[in-house]
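First, the structure itself, so that you have it in front of you.
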Amino acid sequence: MNSTILNFILLARTAKDSTSFDPSMLYLILALVGLFLFVLLLVFTRARLFPLIKLGYVHLVYGRYSYEFLEFFKENNLRNPHNNCIKDEISMHFFTFYKPKRDALFFTTDTKIEFGDVPFLTTYKKLIKMKGEPDCINVSRFAANRVKLVGFNESLQNMAMKSMYYFIEDRFVMGEYNFADLIKVRTAEVLASLTGKYLKENNVQSDNFYISDPQGDKINYENNGFSITIRYYFRGDEDVNHLLDSVFGNSGENGETLIQTMKHEELINRF
């Protein structure tokens with residue numbers, strides 16, 4: 001009798017042990033399911049996931065105001081995350097010095113042309129150290145050369161204006177002041193300040209004129225009735241001069257290079 005009861009207990013324990021739950025098996029199953037779902041997620045999201053990883057890399061290495069960062073948005077048909085400084089093409093602001101309007105006047109000055117306290121050929125990084133992060137930015141290409149425009153919202157004697165800096169391959173070569181709200185701008189004071197510095201007592205009564213210094217640097221003043229723009233164009237770098245002359249210098253006879261440049265800018269400004 002005792003032997004029978006003992007055998008029953010051993011059989012019951014064996015049956016219980018054979019049906020006991022093994023947690024390691026559950027973990028293995030969950031791991032396989034998780035791996036499957038992860039692979040499935042990659043398959044369906046790789047078109048978005050990989051660009052985001054690349055964007056994070058570009059942001060980390062080059063910064064959010066770099067040419068590489070902005071070009072990423074163009075290449076992926078995404079909207080520019082920053083404000084644009086200008087609505088038209090960068091090329092048109094350089095072209096002003098290659099094809100003046102017919103009614104423009106021309107003057108010379110003995111005073112060296114400078115753009116505020118930022119020397120020409122200053123690098124982009126040095127400018128940012130001087131003025132902080134920009135309020136707007138545009139990028140383009142002239143042939144294979146990178147062009148960047150950054151701007152800052154400022155004021156001059158309580159008149160709102162935008163100061164803009166044009167870089168070609170990280171060299172500051174043109175500056176621009178833009179007064180967009182003519183209702184609040186004292187036009188006569190702006191004009192008198194400019195001509196007083198560079199033309200001394202010359203009382204200029206013109207909405208479009210140019211000033212050249214002995215080094216060949218130039219200023220263009222333009223009042224189109226909606227805004228006042230004053231551009232300062234540096235001609236002291238032979239490499240930059242050669243590039244700009246190749247893009248804009250032949251526009252009167254063979255403007256194919258300029259046309260291709262403007263088409264490229266149109267695509268960039270679209271996003």
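Can you work out the FRET efficiency for the pair ASP245 and ILE128, with r the C-beta to C-beta distance and R0 = 30 Å, to the nearest 0.05? Walk me through the intermediate numbers first.
Values: r = 29 Å, r/R0 = 0.97.
E between ASP245 and ILE128, to the nearest 0.05, is 0.55.
Per residue, how much accessible surface does segment 127-246 expose to a 1.4 Å probe? Answer in Å², no decimals.
That works out to 45 Å² for each residue.
Further question: Tell me the label-point distance for the pair GLU114, LEU156, using the 7 Å Cα-to-Cβ offset, in nm and rounded to one decimal.
1.5 nm
All other residues with a Cβ under 13 Å from the Cβ of ASP239 taken together, and with Lys, Arg as +1 and Asp, Glu as -1, what is their net charge?
Numbers: positive: ARG171, ARG235; negative: GLU169, ASP170, ASP237, GLU238, ASP245.
Result for the neighbourhood of ASP239: -3.
The values are calculated or read from the model by the stated rules, or taken from the named source; none is laboratory data. Bear in mind that the values here come from a model prediction, so they are computed numbers and not experimental data. Cβ coordinates were reconstructed from backbone atoms using ideal geometry, including for glycine residues, and neighbour counts include every protein chain displayed. Please note that ligands, DNA and RNA were not included when accessible areas were found on the heavy atoms of the full protein model with its side chains. Shrake-Rupley method; radii C 1.70, N 1.55, O 1.52, S 1.80 Å.
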